[in-house]
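Inspection log for the structure reproduced underneath, given as structure tokens.
Computed from the coordinates by the stated procedures, all read-outs in this text should not be read as laboratory data. Values in this document were obtained by computation on a predicted structure and should not be read as measured data. Here the Cβ is made from the backbone with ideal geometry for all residues, glycine too, and neighbour counts use every protein chain on show.
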Amino acid sequence: MKSRSFFNKPTGNKLFTVTLTKSLAKKMAMLAILCLFSHNAFAKADMNIGPKVGVMAPEISVLNLENQSTDIKKLSADKGLIILFFRSADWCPYCKKHLIELNQQAKQFTDLGYGLAAISYDNADILQTFTKEQTISYPLLSDQKAQTMQAYNILNKDYAMGDDNYGIPYPGVVVINNEGKIVHKYFFEGYKDRVKFSDLYMQLNK
């Protein structure tokens, strides 16, 4: 792309014009980057997936590592609960990385007053193995019947019942306040796209 002068009249100095144009272009590019980061950090999330912000959070039908049922109230802390929905701690490398990243920043969220949990269709044995291997500090929960994924409207429709991958969700995060209402949600259709926990922390720490 050729440089253009921002002046209506020629300056008589082409070198000056090109240099000034490049300088202004760099400043404009930097401004655009700053605007991008100052905008909602989750602007790329597909907000049509999952429950609406402001509604009461659907109940969760999950089992912990001891194959015991648990619920939002038991998992919540003073300010509420952050739930990470993921595909698998067994075969999905993007999920494994995301779970580890949350583990590394877990204390920041608990210090804010939030409980943490992560839900997938994995059975308790798979979740227990990953928890021990990676020393995960928050509960990994099993939704093997896909009841929670359906209740939250995040069930991946690419897989029909009977398929080995039936029950996986679109990856994302839901934040539930201490009144049981959804105050934030960020879901993606693509399995490679994930919420950045540093951005989520900034949103919750305002």
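A few comments on the model shown:
- Proximal aspartates and glutamates relative to Lys73, as straight alpha-carbon distance under 19 Å, when same-chain residues fewer than 8 apart are discounted: Glu59, Asp111, Asp143, Glu179
- Average projection area in nm² (convex hull over Cα atoms of region 62-204, one quarter of hull surface): 7.8 nm²
- Chain lengthening between Tyr159 and Asp71 when straightened (0.36 nm per residue, less Cα-Cα): 29.0 nm
- Extension gain, Lys132-Gln150: 0.36 nm per intervening residue step, less the Cα-Cα distance, totals 3.6 nm.
- Relative contact order of region 62-204, taken over Cα pairs closer than 8 Å and 6 or more residues apart, is 28 percent.
- Lys/Arg +1, Asp/Glu -1 at C-beta; region 78-206 dipole; positive extreme among Tyr191, Gly180, Thr129: Gly180
- Taking every lysine pair in region 154-206 that is 8 or more places apart or spans two chains, those with Cα atoms closer than 18 Å amount to 4.
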